[in-house]
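Below is one structure, written out as structure tokens, with a few remarks after it.
The values are calculated or read from the model by the stated rules, or taken from the named source; none is laboratory data. Just so we're clear, the structure is a prediction, and the values are computed from it rather than from any experiment. No Cβ is skipped: glycine too gets one built from the backbone with ideal geometry, and neighbour counts run over all protein chains shown.
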Amino acid sequence: MQLTLRTRIAGFTLIEVMVVMAIIGGILVVLAPRLVDKKSKMKDAVRELTTLTREIHNAARLFNSTYRLVVRMDDKKGHTYTVESTPGNATVLSEEQEEELDKGLSTDQDKAQSKNEFSEDPRVLKKAVQLPSGFYIGEIEYGNRSEPMTEGVAYIHFFPQGLTEEAVIHLTDRKTLNWTIALHPITGRANLFERRVTLRELREQ
């Protein structure tokens, strides 16, 4: 009698374990494809942006124009990017030069006229691209700026001589996934890393 009772208890325990495992298995079957699909979409988005930087670099030389990748980091409206250009070799000001320029000019109109006029260039990118939901541009590091940009509008310039503004673009899902696109200033080459790599780390290599 006692043995039968123990067997029943053990049997019920085993059934409960099997039920729990079945539930976990069912959840994994439902969620796994979504997680894989999400990661795949993010990888595709990173590759597309990396390829675009190479196309911008080539277009700057081909059309003898200064191009810039315009990145908008807005958590409410989404993180997007587009491409703009201006004829010839435009001057890109450093942080200090921009501050000095703003101090010396009295009105917003004066400030606008003193800077190069860029416009969207459909030859490289027809319309702005928005990153997939849950995917963000974490920050952009510049070689000539003391602090990275983490919000607002950032620009990365590409020049007709084949030079590129030194910059590192960090992309993330703000959980476990991180990618880095590093732009070499001399060659314009874009290197892609499936992890977070800082500009300082790249310079020390």
Handout entry: Selection within segment 115-129 - surrounded by 14 or more Cβ atoms within 10 Å (Cβ to Cβ) and within 16 Å of the chain's Cα centre (by Cα)
Key = Val129
Problem - Checking Ala32 against (1) small (Gly, Ala, Ser); (2) under 26 Å from the mean Cα position of the chain (by Cα); (3) over 30 Å from His157 (Cα atoms); (4) modelled with pLDDT of 70 or more, the condition it does not meet - result: (4)
Fill in the blank from the handout: So, first residue within 13 Å of Ser133 (Cα to Cα) in segment 32-56, second residue at pLDDT 90 or above and among the aliphatic types (A, V, I, L, M), Cβ within less than 8 Å, six or more apart or across chains; the pairs are Lys39/Leu177; Met42/Leu171; Met42/Leu177; Ala45/Leu131; Ala45/Leu171
Problem - Residue ID - surrounded by the most Cβ atoms within 10 Å (Cβ to Cβ), chosen from residues in segment 172-190 that are in a loop (DSSP other than H, G, I, E, B) and among the aliphatic types (A, V, I, L, M) - result: Leu177
Exercise for the section: Filter segment 146-165 down to the residues that are more than 15 Å from the chain's Cα centre (by Cα) and crowded, with 16+ Cβ neighbours inside 10 Å, then identify the one that is farthest from Glu84 (Cα to Cα). Expected result: Leu163
Problem - Hey, Ala45 part of a helix (DSSP H, G or I), modelled with pLDDT of 70 or more and either over 23 Å from Asn191 (Cβ atoms) or under 28 Å from the mean Cα position of the chain (by Cα) (or both) or not - result: yes
Practice task
State the number of residues belonging to segment 58-76 that are outside any strand (DSSP E or B) and more than 25 Å from Asn89 (Cβ to Cβ).
Solution key: 2
